[in-house]
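The values are calculated or read from the model by the stated rules, or taken from the named source; none is laboratory data. Values in this document were obtained by computation on a predicted structure and should not be read as measured data. Every residue, glycine among them, receives a Cβ derived from its backbone with ideal geometry; neighbour counts consider all protein chains shown.
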Amino acid sequence: MPVNFKDSKTKENLMRAFAGESQARNRYTFAAEEAAAQKLYVVEAIFKFTAEQELAHAEVFYEKLKECAGENICVDGCYPVDITNSVIELLEKAEHNELEEYGDAYKNFADVAEQEGFLPIANTFRQIAEIEKTHAERFGTIAKLLREDKFFVADAKVDWMCLNCGNIINTEKAPSVCPVCSHARGYFVRLAFAPYTSR
Ligand SMILES: [Fe+2]
Ligand SMILES: [Fe+2]
C-alpha cells in the first residue's frame, strides 16, 4: 500500500543503493590500480570504465533522495572487503557482487518500491539491475579468459586492437609489443571487446 516517502523503506533502500554504488566505484578504482601495477592495462580500463558507470548509478539513486535534503538517513548494510593482489580474483569478486545486486538486492528493492507505491523508483531499480548484469558478464568473461590463459591468446586468428594507439592486428596471439607505438601486450584487447568499434 502507498506510504509517505519519508516513512518508507524505499528511502532507506535508495541510501543503501547509493552506499553500495559509491563503494563499488571505489573498489573498481582500487582494482584498476592493481591491474595497472601488473601491466594489465586493458583490465585497468575495464575497471575504470565500470567505476564511472557506478558513479552514474550512485547519482541516479542520490537524486531520488532530494525530498530528504538536509536530513540524515541511517541504514544498516553488508558490504564486501575485496582485498587481494590477484586481478583474476578481483574480477571474479566484482562479478559476484554485480550478480548479487542484479538478482537479489535491486530486485528486492524494486518490489518494495512497487508495494510502497513508488513505481518510477521501482523501475529505476529494475533498469539498473539489468546494467549490473552486463557488468557481471563483462567481469566474468575477462576473468575466465585470464584464468584460462586466453586473454592474449585466441584459438584462431582474430583482430586485436592496441588500446593505446588503435592499431589492429590479425593474429592468434596479441603481439608482445605494439609495432606502431611500442606499448606492451597489456594494451591489446580482442577487437570484439574494444569500445567504439563497429566490428
Ligand atoms: Fe551500479
Ligand atoms: Fe555494476
Scanning the range 29-72 residue by residue, those touching a residue at least 60 places away in the same chain (Cβ under 8 Å) and within 10 Å of ligand 1 (Cβ to nearest atom) turn out to be 50, 53, 57, 60, 61
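For the structure I just gave you, tell me whether residue 11 is out of contact with any Pro (no Cβ under 6 Å at 6 or more places or on another chain), outside any helix (DSSP H, G or I) and not assigned by TED's automatic domain parsing to the domain that holds residue 162. Even if it seems obvious, please write down each step before you answer.
Values: out of contact with any Pro (no Cβ under 6 Å at 6 or more places or on another chain): yes; outside any helix (DSSP H, G or I): no; not assigned by TED's automatic domain parsing to the domain that holds residue 162: yes.
No.
So which residues in the range 126-176 are charged (D, E, K, R), more than 16 Å from ligand 2 (Cβ to nearest atom) and assigned to a helix (DSSP H, G or I), if there are any at all? Reasoning before the result, please.
Looking only at the range 126-176, we keep the residues that are charged (D, E, K, R), and these are 126, 130, 132-133, 137-138, 144, 147-150, 155, 157, 159, 172-173.
Then drop every residue that is not more than 16 Å from ligand 2 (Cβ to nearest atom), which leaves 144, 147-150, 155, 157, 159, 172-173.
Scanning the range 126-176 gives 144, 147.
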From the residues in the range 169-199 that are in contact with a helix residue (DSSP H, G or I) (Cβ under 6 Å, 6 or more places away or on another chain) and surrounded by 14 or more Cβ atoms within 10 Å (Cβ to Cβ), which one is farthest from residue 40 (Cα to Cα)?
174
For the range 60-78, does any single residue satisfy the condition of being outside the structural domain of residue 188 (by TED's automatic domain parsing) and under 21 Å from residue 138 (Cα atoms)?
no
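Given the structure, is residue 81 under 17 Å from residue 23 (Cβ atoms) and among the β-branched types (Val, Ile, Thr)? Write out each step before concluding.
Values: under 17 Å from residue 23 (Cβ atoms): yes; among the β-branched types (Val, Ile, Thr): yes.
In short, yes.
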Name the single residue, out of those in the range 64-103 being loosely packed, with under 14 Cβ neighbours inside 10 Å and either acidic (Asp, Glu) or not in a loop (DSSP other than H, G, I, E, B) (or both), that is nearest to ligand 2 (Cβ to nearest atom).
76
Of all residues in the range 104-127 being surrounded by fewer than 22 Cβ atoms within 10 Å (Cβ to Cβ) and among the aliphatic types (A, V, I, L, M), the one that is nearest to ligand 1 (Cβ to nearest atom)
105
